[in-house]
Amino acid sequence: MTRPELFEMFQRMATEIAEKDFSDVTEDSNIQELGLDSLSTLELVGAMERELEVQIPDEQLVGIQTVAQLLELVEKRMSA
């Protein structure tokens with residue numbers, strides 16, 4: 001899966017989970033400033049894990065602030 005496809009997946013899943021439009025989000029966007037609290041973020045990561053068939057340990061999510069950082073982590077787990 002390409003980075004743009006991962007980003008589109010993030011936007012789609014975030015929209016479903018938070019029930020708001022994320023079409024104006026960029027990779028530099030701060031996840032918390034988007035209105036995703038920690039529970040919503042975990043729900044989003046869980047949905048990505050299921051769709052991509054990867055495991056992302058919760059401790060690796062500590063310190064993730066931007067969409068780009070989350071996508072980089074997902075890419076690393078996909079290639080592991």
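Some notes on this structure:
- A Cβ distance below 7 Å, combined with a sequence gap of six or more or placement on separate chains, defines the contacts here; from the range 17-41, residues that are touching a residue at least 24 places away in the same chain (Cβ under 8 Å) reach residues that are of a type in the set (D, E, K, R) in the pairs 17/43.
- Within the range 52-69, if we keep just the residues that are in contact with a helix residue (DSSP H, G or I) (Cβ under 7 Å, 6 or more places away or on another chain) and assigned to a helix (DSSP H, G or I), the residue that is surrounded by the most Cβ atoms within 10 Å (Cβ to Cβ) turns out to be 67.
- Whichever residue in the range 1-30 is outside any helix (DSSP H, G or I) and acidic (Asp, Glu) and, among such residues, is surrounded by the most Cβ atoms within 10 Å (Cβ to Cβ): 27
- Residues located in the range 31-47, provided they are more than 18 Å from residue 59 (Cβ to Cβ), assigned to a helix (DSSP H, G or I) and not acidic (Asp, Glu): 32, 34, 40, 47
Each reported figure results from applying straightforward, stated rules to the coordinates on display, with no laboratory input. Model, not experiment: these values are computed from the prediction. As a convention, Cβ positions derive from the backbone with ideal geometry for all residues, glycine included, and neighbour counts pool all protein chains shown.
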